[in-house]
Structure formats: C-alpha cells, structure tokens
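Read the structure below first, then the notes.
The values are calculated or read from the model by the stated rules, or taken from the named source; none is laboratory data. Quick caveat: nothing in here was measured; it's all calculated off a predicted structure. Cβ placement follows ideal geometry from the backbone for every residue including glycine, while neighbour counts extend to all protein chains displayed. Surface areas here come from the heavy atoms of the whole protein model, side chains and all, with no ligands, DNA or RNA. Shrake-Rupley method; radii C 1.70, N 1.55, O 1.52, S 1.80 Å.
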Amino acid sequence: MTATLAASVGMYAFWNCTALESISLPAVKTLGNYTFQACSRLATVSLPLAETLNANVFGACTSLVKISLPSAKTIGEYCFTGCTAITDIVLGGTTLTFGAYAFRNCRALRNFVLSNITAVPGFSNTIGYLFNNITFSQITIYVPTAMVPVMQADSDWGLFTIDDVANYVPS
C-alpha cells in the first residue's frame, strides 16, 4: 500500500492486517499506537520522514527483517516487540529517545545502526528493559566515528559491541 499525502497515521489503522506485505508512506511523520501491530506478513516498510513512532507500532510483525527509519527521533514503548525475524534496524535521527521494551523479544537482531546520533540516546528505565529478552553480545551498535568512544564509555550502551557506522554491512 502506498499513500502520499498523509502526515500521520492514527491508532490501530492497520492493526492485524495479516495480508499486508508492504507499506510506503513517504509523507508520514507520526505513527499512532498499534498502527501495524500483528501485521504478520509485513516485510517491506518505507517511512522516510517518520519521526515519532508511538507504542507498539510494529509489535508482532514477525516477517519484518530489516527497517530503515532515516528521520526517527522517538521510538515508543514496545514499538518493535515481538519482531522475531528482524536482524537490522537503522535509525537516522541525530537525537533519539526510546520507550521501555521497544525491542523486546527481537531475538534475531544483530545490527542496530544509529547513523547520525550526536548524543547518547535516552531511554526509559534500564537498557535491560529496552532490549528485554535479547542477548546483548549478539548485537553490534553502529554509530558515527566521534560517538564510538562516548558510547563505549557509557555504563549502559557500553554493554554492547560498539563500532563505527562506516563498518556496517547489512545482514
């Protein structure tokens, strides 16, 4: 599905649309709670201007393998919870904030790319809540060169392997 004019998508707009495989929303900046939750066949997503993804936007989208959100600033709680096939998440915002359990049970996650951050990302609770039920050692977090030592020194983010975004190779 492609929609070119909408600036936001409301709560539950595509909730449980199990036949939905692809979405392109080039003008959307805000996604409401549960927008695509349980769209179990959703595999391709294009949201180039999306800045705010509220709670459970992609929860239980079990066919989603990779996603790039070049304008992302806020990732709500439980946003990607249960995306069990997702291996790569690429976020392009310069400052990012994450809600609790945003990546819970994303057990295939290997590459977490914060391509343009200029400050250590904020999050609710602890890093364990953000990446709940995931083995930290399996994830490499890619950041701009100047942020590598900052992230490595951080008491939470330093639990992960931190590397330069220039070394990122998609899964």
Taking placed amide H atoms and a strict 5 Å upper bound, the residues 5 or more places from GLY76 or on another chain that come that close are LEU53, ASN54, GLY99
Taking 0.36 nm per residue of separation and subtracting the Cα-Cα distance, what length does fully extending SER8 through ALA166 add?
53.7 nm
Within the accessible area of the chain, what % is carbon and sulfur when the probe is 1.4 Å and the other protein chains stay in place?
53 percent
For THR52, what is the net charge nearby, where nearby means another residue's Cβ is under 14 Å from its Cβ and Lys, Arg count +1, Asp, Glu -1?
0
What number does region 94-171 give for Rg over Rh if you use C-alpha atoms and the Kirkwood radius?
0.92
If you take all C-alpha pairs in the chain, what percent of them are over 22 Å apart?
36 percent
How much accessible area per residue does the chain have, counting only protein heavy atoms and a probe of 1.4 Å, in square angstrom?
42 Å²
Taking a ≥ b ≥ c as the square roots of the Cα gyration tensor eigenvalues, with a/c under 1.5 meaning rounded and otherwise prolate when a/b beats b/c, else oblate, which class fits region 44-87?
oblate
With no solvent and one equal point scatterer placed on each C-alpha of region 81-126, evaluate the Debye formula and give log10 I(q)/I(0) for q = 0.14, 0.16, 0.25 Å⁻¹, two decimals.
-0.35, -0.46, -1.00
With Cβ to Cβ distances under 11 Å as the rule, what net charge do the other residues near ILE134 carry (K, R +1; D, E -1)?
+3
State, as an integer percentage, the relative contact order of the chain based on alpha-carbon contacts under 8 Å between residues 6 or more apart.
14 percent
Quick one: which residues, 5 or more positions from ILE162 or on another chain, have an amide H under 5 Å from its amide H? H modelled 1.01 Å from N in the peptide plane, none for Pro or chain starts.
ILE141
